[in-house]
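First up is the structure itself, then whatever we jot down about it.
The values are calculated or read from the model by the stated rules, or taken from the named source; none is laboratory data. Small disclaimer: the values here were computed from a predicted structure and weren't measured. Reconstructed Cβ throughout: ideal geometry from the backbone, glycine too, with neighbour counts over all protein chains shown. Side chains are part of the model used for accessible areas, which takes the heavy atoms of the whole protein and leaves out ligands, DNA and RNA. Shrake-Rupley method; radii C 1.70, N 1.55, O 1.52, S 1.80 Å.
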Amino acid sequence: VISPPPTVRDLGVTISSDLSWSTHITNIAEDARKISSWILSVFSDRSATTIMPLYKTLIRSRLEYCSPLWHPSKIEDIKHLEAVQRSITSKISEVKHLPYWERLRKLNLMSLQRRRERYIAIQMYKLYHELTPNDLQLEFYESNRRGPCCKIPPMSKICRPKVQRMYDESFRVMGAKIWNTIPE
């Protein structure tokens, strides 16, 4: 008897059997925390000129890899990821006394959630302009009032709530919603 594993890792993304991204998010946040600890133990200089390039290249890049695919919707997952950035920015000497959102403004950073939404919008732009294959068959149309829009694909009304939630959190639906909020 071959039993299916609870998670599968493919191209650096962990997919769980229940199609939840929580396992992947926990894994990448843990990995990012380890790298953060390593950076803080190796580099004694806590200035923004030292920490920020290390953060952007070694930590943030891991937290954002393939993020349009696994864009989290659960508040605890979003907070779990944001805690990594919150922690590393609190160690930077110039801004450590400031609240988190002030630190981000001073360091010219966006929240990780905002960046993931930005990546989804960029991917939708590529789909709209046919710079990447439209494998999801997303339908774009022109609105006189809002400019280019994406049709939000409907889901059957007779599906289980869990299936509906998973569908609503998919790239196909989230991408269309984010694309439609962008000004003309």
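Only one entry of Thr89, Thr7 meets the criterion of being in contact with a helix residue (DSSP H, G or I) (Cβ under 7 Å, 6 or more places away or on another chain), open to solvent by 20 Å² or more (accessible area, probe 1.4 Å), of a type in the set (S, T, N, Q) and over 20 Å from Ile120 (Cβ atoms), and that entry is Thr7.
Going by the conditions given, is Tyr141 in contact with a Pro (Cβ under 8 Å, 6 or more places away or on another chain), over 20 Å from His24 (Cα atoms) and surrounded by 15 or more Cβ atoms within 10 Å (Cβ to Cβ)? Step through it out loud before you land on a result.
On the way: in contact with a Pro (Cβ under 8 Å, 6 or more places away or on another chain): yes; over 20 Å from His24 (Cα atoms): yes; surrounded by 15 or more Cβ atoms within 10 Å (Cβ to Cβ): no.
Judged against the criteria, Tyr141 is not a match.
Being at pLDDT 90 or above and either in contact with a Lys or Arg (Cβ under 8 Å, 6 or more places away or on another chain) or open to solvent by less than 60 Å² (accessible area, probe 1.4 Å) (or both) is a property that Thr50 has. Pairs are defined by a Cβ separation below 7 Å, a sequence spacing of at least 6 or placement on different chains, a first member in the range 80-99 that is without any contact (Cβ under 8 Å) to a residue 24 or more places away in the chain, and a second member that is open to solvent by 40 Å² or more (accessible area, probe 1.4 Å) and not hydroxyl-bearing (Ser, Thr, Tyr); the pairs so defined are Ser90/Lys96; Leu98/Lys106.
In the condition set (1) part of a helix (DSSP H, G or I); (2) of a type in the set (S, T, N, Q); (3) touching a residue at least 60 places away in the same chain (Cβ under 8 Å), Thr23 is compliant with all but (3). Restricting attention to the range 100-121 and to residues that are free of Cβ contacts under 8 Å to residues at least 24 places away in the same chain and of a type in the set (A, V, I, L, M), the residue that is surrounded by the most Cβ atoms within 10 Å (Cβ to Cβ) turns out to be Leu104. For the range 164-182, the candidate set comprises residues that are of a type outside the set (Asp, Glu), open to solvent by 50 Å² or more (accessible area, probe 1.4 Å) and at pLDDT below 85; within that set, the residue that is farthest from Arg115 (Cα to Cα) is Gln164.
In the range 142-184, what count of residues is obtained for those that are under 30 Å from Ser17 (Cα atoms), part of a loop (DSSP other than H, G, I, E, B), over 16 Å from the mean Cα position of the chain (by Cα) and without any contact (Cβ under 8 Å) to a residue 12 or more places away in the chain? Selection size over the range 142-184: 6.
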